[in-house]
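Participant: Okay, handing you the structure first.
The values are calculated or read from the model by the stated rules, or taken from the named source; none is laboratory data. Computed from a predicted structure; not experimentally measured. In this analysis, Cβ positions are derived from the backbone assuming ideal geometry, glycine residues included, and neighbour counts consider all displayed protein chains.
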Amino acid sequence: NGECIEWEGPYTTIYSPVCIPGPDGLNRKILGSVPRTSGKQSLEALDAAVAAYNNGLGEWPSMSVEGRIKCMEHFVYLMLQQRNIVIKLLMWEIAKTLADATKEFDRTIEYINATIDALKDTDRESSRFRQEEGIIAQIRRTPLGVVLSMGPFNYPLNEIFTTLIPALIMGNTVLFKMPKHGVLLYYPLLNAFKDAFPKGVVNTLYGNGAEIITPIMETGKVNVLAFIGSSKVANGLKKLHPKVNRLRAVLSLDAKNAAVITKHADIEIAVSECILGALSFNGQRCTALKLLFVHREVADEFVEKLSKAIEALPVGLPWEKDVRITPLPEPSKPGYLRECIVDAISKGARIVNEKGGLAEESLVMPTLVYPVNEQMRLYHEEQFGPVVPVVIFDTIDEPVNYQENASHGMQVSIFSNDAGEVATLIDSFVNLVSRVNINCQAQRGPDIFPFTGRKDSAEGTLSVYDALRSFSIRSLVAAKSTETNKN
Ligand code: G3H
(Lines give C-alpha, C1' and ligand atoms only; values in the text may rest on other atoms or scores of the structure.)
Protein backbone atom coordinates (compact mmCIF):
# COMPACT_ATOMS: atom_id res chain seq x y z
CA ASN A 1 0.00 0.00 0.00
CA GLY A 2 2.86 2.39 -0.79
CA GLU A 3 4.26 2.35 2.74
CA CYS A 4 7.60 1.31 4.19
CA ILE A 5 7.11 -0.63 7.41
CA GLU A 6 9.39 -1.82 10.17
CA TRP A 7 9.95 -5.53 9.60
CA GLU A 8 9.64 -7.85 12.55
CA GLY A 9 8.60 -10.92 10.62
CA PRO A 10 10.73 -13.76 9.23
CA TYR A 11 13.30 -13.54 6.47
CA THR A 12 14.23 -15.97 3.73
CA THR A 13 17.92 -16.42 2.92
CA ILE A 14 18.66 -15.97 -0.77
CA TYR A 15 21.33 -18.18 -2.29
CA SER A 16 23.10 -17.71 -5.57
CA PRO A 17 23.44 -20.58 -8.03
CA VAL A 18 27.09 -19.53 -8.13
CA CYS A 19 29.00 -21.76 -5.73
CA ILE A 20 32.02 -20.90 -3.63
CA PRO A 21 34.38 -23.32 -1.88
CA GLY A 22 33.62 -23.87 1.82
CA PRO A 23 34.92 -26.26 4.52
CA ASP A 24 32.53 -28.97 3.29
CA GLY A 25 33.05 -28.46 -0.45
CA LEU A 26 31.25 -26.17 -2.89
CA ASN A 27 28.29 -24.19 -1.53
CA ARG A 28 25.83 -21.79 -3.07
CA LYS A 29 26.87 -18.28 -2.09
CA ILE A 30 24.53 -16.38 0.24
CA LEU A 31 23.42 -13.12 -1.41
CA GLY A 32 21.12 -11.66 1.20
CA SER A 33 17.76 -12.15 2.83
CA VAL A 34 14.25 -11.06 2.03
CA PRO A 35 11.29 -10.31 4.33
CA ARG A 36 8.70 -13.07 3.99
CA THR A 37 5.10 -11.87 3.84
CA SER A 38 2.63 -13.58 6.17
CA GLY A 39 -0.88 -14.68 5.18
CA LYS A 40 -2.32 -11.76 7.19
CA GLN A 41 -0.06 -9.24 5.47
CA SER A 42 -0.87 -10.63 2.05
CA LEU A 43 -4.57 -10.07 2.78
CA GLU A 44 -3.77 -6.50 3.85
CA ALA A 45 -2.00 -6.00 0.53
CA LEU A 46 -5.06 -7.39 -1.24
CA ASP A 47 -7.28 -4.96 0.69
CA ALA A 48 -5.02 -2.11 -0.42
CA ALA A 49 -5.38 -3.16 -4.07
CA VAL A 50 -9.16 -3.53 -3.70
CA ALA A 51 -9.45 -0.12 -2.02
CA ALA A 52 -7.29 1.57 -4.67
CA TYR A 53 -9.51 0.08 -7.38
CA ASN A 54 -12.65 0.99 -5.43
CA ASN A 55 -15.08 -0.64 -7.89
CA GLY A 56 -13.50 1.24 -10.74
CA LEU A 57 -13.96 4.61 -9.03
CA GLY A 58 -10.47 4.86 -7.48
CA GLU A 59 -7.95 7.49 -8.55
CA TRP A 60 -6.07 5.03 -10.79
CA PRO A 61 -8.89 3.31 -12.73
CA SER A 62 -10.63 6.63 -13.28
CA MET A 63 -7.47 8.50 -14.26
CA SER A 64 -7.23 9.64 -17.90
CA VAL A 65 -5.14 7.55 -20.26
CA GLU A 66 -2.71 10.48 -20.52
CA GLY A 67 -2.37 10.55 -16.74
CA ARG A 68 -1.60 6.84 -16.55
CA ILE A 69 0.91 7.12 -19.36
CA LYS A 70 2.66 9.95 -17.51
CA CYS A 71 3.00 7.78 -14.38
CA MET A 72 4.35 4.91 -16.48
CA GLU A 73 6.89 7.18 -18.19
CA HIS A 74 8.03 8.38 -14.80
CA PHE A 75 8.39 4.76 -13.71
CA VAL A 76 10.58 4.03 -16.75
CA TYR A 77 12.74 7.04 -15.88
CA LEU A 78 13.19 5.79 -12.30
CA MET A 79 13.74 2.19 -13.39
CA LEU A 80 16.49 3.18 -15.83
CA GLN A 81 18.47 4.65 -12.95
CA GLN A 82 18.66 1.15 -11.45
CA ARG A 83 19.83 -0.55 -14.67
CA ASN A 84 23.33 -1.55 -13.55
CA ILE A 85 22.37 -3.00 -10.20
CA VAL A 86 19.41 -4.95 -11.62
CA ILE A 87 21.61 -6.45 -14.34
CA LYS A 88 24.21 -7.39 -11.75
CA LEU A 89 21.56 -9.04 -9.58
CA LEU A 90 20.18 -10.97 -12.56
CA MET A 91 23.67 -12.40 -13.01
CA TRP A 92 24.15 -13.28 -9.33
CA GLU A 93 20.64 -14.49 -8.55
CA ILE A 94 19.79 -16.61 -11.59
CA ALA A 95 23.18 -16.85 -13.31
CA LYS A 96 22.16 -15.11 -16.53
CA THR A 97 25.17 -14.22 -18.64
CA LEU A 98 25.99 -10.52 -18.83
CA ALA A 99 24.60 -10.46 -22.39
CA ASP A 100 21.33 -12.18 -21.39
CA ALA A 101 20.89 -10.13 -18.21
CA THR A 102 21.43 -6.91 -20.14
CA LYS A 103 18.98 -8.09 -22.79
CA GLU A 104 16.37 -8.93 -20.15
CA PHE A 105 16.54 -5.45 -18.62
CA ASP A 106 16.62 -3.55 -21.91
CA ARG A 107 13.88 -5.69 -23.44
CA THR A 108 11.69 -4.90 -20.43
CA ILE A 109 12.18 -1.17 -20.89
CA GLU A 110 11.40 -1.53 -24.62
CA TYR A 111 8.32 -3.55 -23.71
CA ILE A 112 7.03 -0.78 -21.44
CA ASN A 113 7.65 1.88 -24.07
CA ALA A 114 5.98 -0.23 -26.77
CA THR A 115 3.01 -0.77 -24.44
CA ILE A 116 2.68 2.99 -23.97
CA ASP A 117 2.64 3.44 -27.76
CA ALA A 118 0.14 0.62 -28.20
CA LEU A 119 -2.15 2.20 -25.63
CA LYS A 120 -2.01 5.49 -27.50
CA ASP A 121 -3.12 3.62 -30.66
CA THR A 122 -5.89 1.78 -28.84
CA ASP A 123 -7.06 5.00 -27.24
CA ARG A 124 -7.19 6.82 -30.58
CA GLU A 125 -9.49 4.05 -31.78
CA SER A 126 -11.75 4.31 -28.75
CA SER A 127 -12.13 8.08 -28.97
CA ARG A 128 -13.94 7.64 -32.32
CA PHE A 129 -17.74 7.32 -32.43
CA ARG A 130 -19.49 4.73 -34.55
CA GLN A 131 -23.02 4.70 -35.80
CA GLU A 132 -24.75 1.40 -36.61
CA GLU A 133 -28.44 0.68 -37.09
CA GLY A 134 -29.62 3.80 -35.31
CA ILE A 135 -27.19 3.51 -32.39
CA ILE A 136 -24.29 5.88 -31.94
CA ALA A 137 -21.59 4.41 -29.72
CA GLN A 138 -18.15 4.80 -28.32
CA ILE A 139 -16.13 1.67 -27.57
CA ARG A 140 -13.92 2.09 -24.52
CA ARG A 141 -11.27 -0.21 -23.14
CA THR A 142 -12.01 -0.45 -19.42
CA PRO A 143 -10.15 -2.24 -16.59
CA LEU A 144 -11.19 -5.47 -14.88
CA GLY A 145 -10.25 -4.87 -11.22
CA VAL A 146 -7.54 -6.48 -9.12
CA VAL A 147 -4.85 -8.47 -10.91
CA LEU A 148 -2.67 -11.05 -9.17
CA SER A 149 0.54 -11.47 -11.14
CA MET A 150 3.17 -14.19 -10.72
CA GLY A 151 6.05 -15.35 -12.85
CA PRO A 152 8.96 -17.79 -12.85
CA PHE A 153 12.66 -17.47 -12.12
CA ASN A 154 13.90 -17.70 -15.70
CA TYR A 155 12.78 -14.17 -16.62
CA PRO A 156 12.16 -12.86 -13.10
CA LEU A 157 11.86 -9.28 -14.27
CA ASN A 158 10.69 -9.47 -17.86
CA GLU A 159 7.94 -12.07 -17.56
CA ILE A 160 6.25 -10.50 -14.55
CA PHE A 161 6.38 -7.17 -16.35
CA THR A 162 4.68 -8.64 -19.43
CA THR A 163 1.54 -8.98 -17.30
CA LEU A 164 2.12 -6.30 -14.65
CA ILE A 165 2.66 -3.42 -17.08
CA PRO A 166 -0.37 -3.97 -19.36
CA ALA A 167 -2.52 -4.69 -16.31
CA LEU A 168 -1.47 -1.41 -14.71
CA ILE A 169 -1.66 0.78 -17.74
CA MET A 170 -5.23 -0.38 -18.44
CA GLY A 171 -6.25 0.92 -15.00
CA ASN A 172 -6.24 -2.27 -12.93
CA THR A 173 -4.59 -2.42 -9.52
CA VAL A 174 -2.02 -5.13 -8.95
CA LEU A 175 -0.58 -7.52 -6.42
CA PHE A 176 2.50 -9.32 -7.54
CA LYS A 177 4.50 -12.07 -6.00
CA MET A 178 8.22 -11.79 -6.59
CA PRO A 179 9.78 -15.02 -7.92
CA LYS A 180 11.48 -17.42 -5.52
CA HIS A 181 14.78 -17.00 -7.38
CA GLY A 182 15.28 -13.50 -8.78
CA VAL A 183 13.79 -11.52 -5.90
CA LEU A 184 16.59 -9.26 -4.67
CA LEU A 185 16.58 -7.51 -8.02
CA TYR A 186 13.16 -6.08 -7.17
CA TYR A 187 14.50 -4.16 -4.19
CA PRO A 188 16.10 -1.37 -6.24
CA LEU A 189 12.73 -1.01 -8.01
CA LEU A 190 10.33 -0.88 -5.08
CA ASN A 191 10.77 2.84 -4.54
CA ALA A 192 10.19 3.44 -8.23
CA PHE A 193 6.78 1.72 -7.94
CA LYS A 194 6.04 3.71 -4.81
CA ASP A 195 6.99 7.05 -6.36
CA ALA A 196 5.43 6.52 -9.80
CA PHE A 197 1.98 5.16 -8.91
CA PRO A 198 -0.73 6.17 -6.44
CA LYS A 199 -0.93 4.38 -3.10
CA GLY A 200 -2.27 0.81 -3.23
CA VAL A 201 -1.95 0.48 -7.01
CA VAL A 202 1.11 -1.80 -6.87
CA ASN A 203 1.54 -4.21 -3.96
CA THR A 204 4.44 -6.60 -3.58
CA LEU A 205 4.52 -10.01 -1.90
CA TYR A 206 7.19 -12.59 -1.25
CA GLY A 207 6.86 -15.97 0.38
CA ASN A 208 5.42 -19.42 0.27
CA GLY A 209 2.51 -19.70 -2.20
CA ALA A 210 0.37 -21.87 0.08
CA GLU A 211 0.73 -19.30 2.89
CA ILE A 212 0.26 -16.07 0.98
CA ILE A 213 -1.48 -16.80 -2.31
CA THR A 214 -4.06 -19.35 -1.14
CA PRO A 215 -5.80 -16.91 1.26
CA ILE A 216 -5.82 -14.22 -1.40
CA MET A 217 -7.45 -16.48 -4.00
CA GLU A 218 -9.98 -17.80 -1.47
CA THR A 219 -11.40 -14.32 -0.87
CA GLY A 220 -12.72 -14.27 -4.45
CA LYS A 221 -11.52 -10.64 -4.73
CA VAL A 222 -8.99 -11.31 -7.48
CA ASN A 223 -10.46 -10.48 -10.89
CA VAL A 224 -7.55 -11.58 -13.06
CA LEU A 225 -5.00 -14.28 -12.40
CA ALA A 226 -1.88 -13.59 -14.49
CA PHE A 227 0.38 -16.56 -14.03
CA ILE A 228 3.46 -17.84 -15.85
CA GLY A 229 4.58 -21.27 -14.66
CA SER A 230 3.21 -24.81 -14.62
CA SER A 231 -0.34 -25.75 -15.62
CA LYS A 232 -0.61 -27.85 -12.46
CA VAL A 233 -0.08 -24.82 -10.22
CA ALA A 234 -2.29 -22.61 -12.40
CA ASN A 235 -5.19 -25.08 -12.18
CA GLY A 236 -4.76 -25.35 -8.41
CA LEU A 237 -4.88 -21.57 -8.06
CA LYS A 238 -7.96 -21.20 -10.23
CA LYS A 239 -9.81 -23.80 -8.17
CA LEU A 240 -9.26 -21.77 -5.00
CA HIS A 241 -11.41 -18.92 -6.32
CA PRO A 242 -14.97 -19.33 -4.96
CA LYS A 243 -16.53 -18.00 -8.19
CA VAL A 244 -14.20 -19.19 -10.89
CA ASN A 245 -16.52 -17.94 -13.64
CA ARG A 246 -15.75 -14.41 -12.41
CA LEU A 247 -12.02 -14.94 -12.73
CA ARG A 248 -10.19 -14.14 -15.93
CA ALA A 249 -6.99 -16.11 -16.37
CA VAL A 250 -4.04 -14.98 -18.44
CA LEU A 251 -1.64 -17.91 -18.37
CA SER A 252 1.57 -19.02 -20.01
CA LEU A 253 2.34 -22.60 -19.00
CA ASP A 254 3.84 -25.96 -19.97
CA ALA A 255 5.66 -26.50 -23.23
CA LYS A 256 7.90 -29.13 -24.71
CA ASN A 257 8.54 -27.63 -28.12
CA ALA A 258 9.75 -29.99 -30.82
CA ALA A 259 12.11 -29.37 -33.71
CA VAL A 260 11.65 -31.43 -36.86
CA ILE A 261 14.77 -31.80 -39.03
CA THR A 262 13.85 -33.43 -42.31
CA LYS A 263 16.20 -35.02 -44.85
CA HIS A 264 15.89 -31.81 -46.90
CA ALA A 265 17.18 -29.59 -44.09
CA ASP A 266 20.31 -27.47 -44.22
CA ILE A 267 22.10 -29.30 -41.40
CA GLU A 268 24.41 -26.40 -40.53
CA ILE A 269 21.44 -24.08 -40.01
CA ALA A 270 19.50 -26.75 -38.12
CA VAL A 271 22.45 -27.30 -35.78
CA SER A 272 23.07 -23.64 -35.02
CA GLU A 273 19.37 -22.86 -34.49
CA CYS A 274 18.81 -25.97 -32.37
CA ILE A 275 21.76 -24.98 -30.17
CA LEU A 276 20.19 -21.57 -29.64
CA GLY A 277 16.73 -23.06 -29.19
CA ALA A 278 17.72 -25.87 -26.84
CA LEU A 279 20.50 -24.29 -24.81
CA SER A 280 20.04 -20.52 -24.53
CA PHE A 281 19.97 -19.78 -20.81
CA ASN A 282 20.73 -23.49 -20.23
CA GLY A 283 17.43 -24.57 -21.79
CA GLN A 284 15.47 -22.79 -19.05
CA ARG A 285 12.90 -21.15 -21.33
CA CYS A 286 9.30 -22.16 -21.92
CA THR A 287 10.01 -21.62 -25.61
CA ALA A 288 13.13 -23.80 -25.61
CA LEU A 289 13.36 -26.67 -28.10
CA LYS A 290 13.08 -29.64 -25.77
CA LEU A 291 12.82 -32.59 -28.18
CA LEU A 292 14.58 -32.78 -31.55
CA PHE A 293 13.17 -35.14 -34.19
CA VAL A 294 15.63 -35.88 -36.97
CA HIS A 295 15.05 -37.95 -40.12
CA ARG A 296 16.94 -41.24 -40.13
CA GLU A 297 18.81 -40.41 -43.35
CA VAL A 298 20.46 -37.32 -41.83
CA ALA A 299 20.47 -38.39 -38.19
CA ASP A 300 24.15 -39.38 -37.96
CA GLU A 301 25.37 -36.21 -39.62
CA PHE A 302 23.08 -34.02 -37.51
CA VAL A 303 23.98 -35.69 -34.22
CA GLU A 304 27.71 -35.55 -34.91
CA LYS A 305 27.65 -31.85 -35.78
CA LEU A 306 25.30 -31.02 -32.92
CA SER A 307 27.53 -32.87 -30.48
CA LYS A 308 30.61 -30.94 -31.64
CA ALA A 309 28.78 -27.63 -31.33
CA ILE A 310 27.52 -28.50 -27.84
CA GLU A 311 30.97 -29.54 -26.72
CA ALA A 312 32.35 -26.20 -27.91
CA LEU A 313 29.96 -24.08 -25.83
CA PRO A 314 31.90 -22.14 -23.18
CA VAL A 315 30.81 -23.19 -19.69
CA GLY A 316 31.42 -21.00 -16.65
CA LEU A 317 30.23 -18.13 -14.50
CA PRO A 318 27.84 -15.43 -15.74
CA TRP A 319 30.46 -12.70 -15.99
CA GLU A 320 33.03 -14.77 -17.91
CA LYS A 321 33.70 -13.69 -21.48
CA ASP A 322 31.54 -15.40 -24.13
CA VAL A 323 30.16 -17.89 -21.59
CA ARG A 324 27.02 -19.72 -22.71
CA ILE A 325 26.34 -22.40 -20.07
CA THR A 326 26.05 -21.26 -16.45
CA PRO A 327 24.96 -22.69 -13.06
CA LEU A 328 21.30 -23.62 -12.51
CA PRO A 329 19.27 -21.67 -9.90
CA GLU A 330 16.91 -24.49 -8.85
CA PRO A 331 18.75 -26.66 -6.26
CA SER A 332 16.82 -29.81 -7.22
CA LYS A 333 17.45 -29.46 -10.98
CA PRO A 334 20.86 -31.18 -11.33
CA GLY A 335 19.51 -34.29 -9.56
CA TYR A 336 16.35 -34.30 -11.65
CA LEU A 337 18.27 -34.04 -14.92
CA ARG A 338 20.57 -36.83 -13.80
CA GLU A 339 17.54 -39.08 -13.19
CA CYS A 340 16.17 -38.37 -16.68
CA ILE A 341 19.54 -39.15 -18.29
CA VAL A 342 19.94 -42.39 -16.30
CA ASP A 343 16.39 -43.41 -17.28
CA ALA A 344 17.17 -42.84 -20.98
CA ILE A 345 20.45 -44.77 -20.78
CA SER A 346 18.75 -47.70 -19.05
CA LYS A 347 16.34 -47.87 -22.01
CA GLY A 348 18.94 -47.81 -24.76
CA ALA A 349 20.06 -44.20 -25.32
CA ARG A 350 23.59 -42.87 -24.85
CA ILE A 351 25.30 -39.61 -24.02
CA VAL A 352 26.95 -38.42 -27.23
CA ASN A 353 29.19 -35.49 -26.27
CA GLU A 354 32.27 -36.02 -24.17
CA LYS A 355 31.47 -33.74 -21.25
CA GLY A 356 27.78 -34.72 -21.32
CA GLY A 357 26.41 -36.06 -18.04
CA LEU A 358 29.08 -34.35 -15.94
CA ALA A 359 28.10 -31.87 -13.24
CA GLU A 360 29.68 -29.96 -10.40
CA GLU A 361 27.04 -28.85 -7.89
CA SER A 362 24.86 -26.34 -9.76
CA LEU A 363 26.92 -26.41 -12.94
CA VAL A 364 25.54 -29.10 -15.28
CA MET A 365 27.33 -29.76 -18.56
CA PRO A 366 25.14 -29.60 -21.67
CA THR A 367 24.26 -33.16 -22.57
CA LEU A 368 23.15 -34.66 -25.88
CA VAL A 369 21.12 -37.85 -25.35
CA TYR A 370 20.47 -40.10 -28.37
CA PRO A 371 18.45 -41.93 -29.61
CA VAL A 372 15.50 -41.10 -27.39
CA ASN A 373 12.18 -42.91 -27.77
CA GLU A 374 8.65 -42.87 -26.37
CA GLN A 375 9.55 -45.15 -23.46
CA MET A 376 11.87 -42.55 -21.95
CA ARG A 377 11.06 -39.71 -19.57
CA LEU A 378 12.99 -37.29 -21.76
CA TYR A 379 10.44 -37.88 -24.53
CA HIS A 380 7.57 -36.62 -22.35
CA GLU A 381 8.85 -34.47 -19.50
CA GLU A 382 9.69 -30.79 -19.82
CA GLN A 383 13.32 -30.99 -18.70
CA PHE A 384 13.84 -27.19 -18.55
CA GLY A 385 17.60 -27.61 -18.38
CA PRO A 386 20.72 -28.23 -20.50
CA VAL A 387 19.80 -31.72 -21.72
CA VAL A 388 19.07 -32.17 -25.44
CA PRO A 389 17.14 -35.32 -26.40
CA VAL A 390 17.23 -36.39 -30.07
CA VAL A 391 14.67 -38.79 -31.59
CA ILE A 392 15.03 -40.54 -34.99
CA PHE A 393 11.97 -40.55 -37.28
CA ASP A 394 11.18 -42.30 -40.57
CA THR A 395 7.88 -40.71 -41.50
CA ILE A 396 6.59 -37.28 -40.66
CA ASP A 397 3.60 -38.89 -38.92
CA GLU A 398 5.87 -39.58 -35.94
CA PRO A 399 6.55 -35.96 -34.91
CA VAL A 400 3.01 -35.00 -35.90
CA ASN A 401 1.61 -37.77 -33.65
CA TYR A 402 3.86 -36.59 -30.84
CA GLN A 403 2.35 -33.13 -31.06
CA GLU A 404 -1.19 -34.44 -31.52
CA ASN A 405 -0.98 -36.59 -28.40
CA ALA A 406 0.87 -34.07 -26.26
CA SER A 407 -0.95 -32.20 -23.50
CA HIS A 408 0.77 -28.98 -24.58
CA GLY A 409 0.93 -27.00 -27.82
CA MET A 410 3.19 -23.97 -27.84
CA GLN A 411 5.69 -23.96 -30.73
CA VAL A 412 7.42 -26.16 -33.25
CA SER A 413 10.46 -25.49 -35.43
CA ILE A 414 10.69 -27.16 -38.80
CA PHE A 415 13.91 -27.44 -40.78
CA SER A 416 13.69 -28.13 -44.50
CA ASN A 417 14.82 -26.47 -47.71
CA ASP A 418 12.07 -28.07 -49.78
CA ALA A 419 9.30 -25.50 -50.21
CA GLY A 420 6.61 -28.12 -50.85
CA GLU A 421 7.60 -30.06 -47.75
CA VAL A 422 7.65 -26.86 -45.67
CA ALA A 423 4.12 -26.03 -46.84
CA THR A 424 2.88 -29.51 -45.88
CA LEU A 425 4.56 -29.31 -42.48
CA ILE A 426 3.07 -25.89 -41.76
CA ASP A 427 -0.39 -27.34 -42.48
CA SER A 428 0.33 -30.34 -40.26
CA PHE A 429 1.36 -28.27 -37.26
CA VAL A 430 -0.34 -24.91 -37.46
CA ASN A 431 -3.52 -26.13 -35.76
CA LEU A 432 -1.63 -28.07 -33.12
CA VAL A 433 0.61 -25.29 -31.78
CA SER A 434 0.43 -21.50 -31.68
CA ARG A 435 3.59 -20.77 -33.67
CA VAL A 436 5.41 -22.65 -36.41
CA ASN A 437 9.01 -21.54 -36.93
CA ILE A 438 10.64 -22.24 -40.27
CA ASN A 439 14.38 -22.89 -40.32
CA CYS A 440 14.76 -21.05 -37.02
CA GLN A 441 14.59 -21.68 -33.29
CA ALA A 442 11.44 -21.21 -31.19
CA GLN A 443 11.07 -17.98 -29.24
CA ARG A 444 8.57 -15.56 -27.75
CA GLY A 445 9.67 -12.38 -29.47
CA PRO A 446 9.56 -9.99 -31.17
CA ASP A 447 7.19 -8.87 -28.42
CA ILE A 448 4.85 -7.14 -30.82
CA PHE A 449 3.73 -10.59 -32.13
CA PRO A 450 1.05 -12.56 -30.25
CA PHE A 451 2.37 -15.03 -27.69
CA THR A 452 0.09 -17.86 -26.64
CA GLY A 453 -0.34 -21.64 -26.81
CA ARG A 454 -2.89 -24.43 -27.13
CA LYS A 455 -4.07 -27.09 -24.65
CA ASP A 456 -2.14 -26.85 -21.36
CA SER A 457 0.34 -24.31 -22.75
CA ALA A 458 -1.62 -21.09 -22.29
CA GLU A 459 -4.84 -19.26 -21.70
CA GLY A 460 -5.30 -15.81 -23.21
CA THR A 461 -2.64 -14.06 -25.25
CA LEU A 462 0.34 -11.96 -24.26
CA SER A 463 2.43 -9.50 -26.28
CA VAL A 464 2.35 -5.74 -26.50
CA TYR A 465 -1.06 -5.31 -28.16
CA ASP A 466 -2.75 -8.55 -27.11
CA ALA A 467 -1.96 -8.04 -23.44
CA LEU A 468 -3.80 -4.69 -23.42
CA ARG A 469 -6.87 -6.64 -24.54
CA SER A 470 -6.25 -9.43 -22.03
CA PHE A 471 -6.35 -6.97 -19.10
CA SER A 472 -9.44 -5.00 -20.13
CA ILE A 473 -12.85 -5.35 -21.67
CA ARG A 474 -14.36 -3.45 -24.55
CA SER A 475 -17.16 -1.45 -22.94
CA LEU A 476 -19.73 0.50 -24.89
CA VAL A 477 -21.29 3.89 -24.27
CA ALA A 478 -24.30 3.94 -26.57
CA ALA A 479 -27.24 6.21 -27.40
CA LYS A 480 -30.04 6.26 -29.95
CA SER A 481 -29.00 8.43 -32.83
CA THR A 482 -31.30 11.20 -33.96
CA GLU A 483 -31.19 13.45 -37.00
CA THR A 484 -29.30 16.08 -34.98
CA ASN A 485 -26.55 13.94 -33.41
CA LYS A 486 -26.04 11.18 -35.97
CA ASN A 487 -22.72 12.55 -37.13
O1 G3H B 1 10.28 -18.95 -20.61
C2 G3H B 1 9.53 -18.50 -21.46
C3 G3H B 1 9.83 -17.21 -22.07
O4 G3H B 1 8.64 -16.56 -22.38
C5 G3H B 1 10.71 -17.37 -23.26
O6 G3H B 1 11.01 -16.15 -23.84
O7 G3H B 1 11.64 -17.01 -26.08
O8 G3H B 1 12.11 -14.66 -25.44
O9 G3H B 1 13.40 -16.53 -24.42
P10 G3H B 1 12.10 -16.09 -25.01
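Participant: Please find, within region 433-487, the residue that is farthest from Arg128 (Cα to Cα) out of those that are assigned to a strand (DSSP E or B) and within 13 Å of the ligand (Cβ to nearest atom).
Facilitator: So in region 433-487, the residues assigned to a strand (DSSP E or B) come out as 435-438, 451, 454-455, 458-459, 462, 473-480.
Filter once more, keeping what is within 13 Å of the ligand (Cβ to nearest atom): 435, 437, 451, 458, 462.
Numbers: Arg435: 33, Asn437: 37, Phe451: 28, Ala458: 33, Leu462: 26 Å.
That would be Asn437.
Participant: If we scan region 144-153, do we find a residue that is more than 23 Å from the chain's Cα centre (by Cα), buried (at least 17 other Cβ atoms within 10 Å of the Cβ) and away from the ligand (no atom under 16 Å from the Cβ)?
Facilitator: Of region 144-153, the ones more than 23 Å from the chain's Cα centre (by Cα) are none.
Within region 144-153, not a single residue is more than 23 Å from the chain's Cα centre (by Cα), buried (at least 17 other Cβ atoms within 10 Å of the Cβ) and away from the ligand (no atom under 16 Å from the Cβ).
Participant: Which strands (runs of 3 or more DSSP E) sit wholly inside region 224-304 and have at least 1 residues that are polar (S, T, N, Q)? Show your work before the answer.
Facilitator: Numbers: elements: 224-228, 248-252, 257-261, 289-295.
In region 224-304, 248-252, 257-261 are the strands (runs of 3 or more DSSP E) which contain 1 or more residues that are polar (S, T, N, Q).
Participant: Right, another one. Considering region 11-27 alone, what residues qualify as being in contact with a Pro (Cβ under 9 Å, 6 or more places away or on another chain) and either at pLDDT below 95 or small (Gly, Ala, Ser) (or both)? Don't jump to the end; show me each part of the working.
Facilitator: So the first thing to find is which residues in region 11-27 are in contact with a Pro (Cβ under 9 Å, 6 or more places away or on another chain), and the list is 11-12, 15-19, 27.
Correct list: Ser16, Asn27.
Participant: Let me ask another. Could you list all residues from region 28-50 that are assigned to a strand (DSSP E or B) and either exposed (fewer than 15 other Cβ atoms within 10 Å of the Cβ) or of a type in the set (A, V, I, L, M, F, W, C) (or both)?
Facilitator: Lys29, Ile30, Leu31, Ser33, Val34 - these are the residues of region 28-50 that are assigned to a strand (DSSP E or B) and either exposed (fewer than 15 other Cβ atoms within 10 Å of the Cβ) or of a type in the set (A, V, I, L, M, F, W, C) (or both).
Participant: Any residue at all in region 231-249 that's under 29 Å from Thr12 (Cα atoms) and surrounded by 22 or more Cβ atoms within 10 Å (Cβ to Cβ)?
Facilitator: yes
Participant: State all residues of region 109-147 that are out of contact with any helix residue (DSSP H, G or I) (no Cβ under 8 Å at 6 or more places or on another chain), part of a strand (DSSP E or B) and not basic (Lys, Arg); if no residue qualifies, say none.
Facilitator: Phe129, Gln131, Glu132, Ile135, Ile136, Ala137
Participant: Does Pro166 satisfy being under 27 Å from Val86 (Cα atoms), in contact (Cβ under 8 Å) with a residue 24 or more places away in the chain and part of a loop (DSSP other than H, G, I, E, B)? Steps first, answer last, please.
Facilitator: Details: under 27 Å from Val86 (Cα atoms): yes; in contact (Cβ under 8 Å) with a residue 24 or more places away in the chain: yes; part of a loop (DSSP other than H, G, I, E, B): no.
In short, no.
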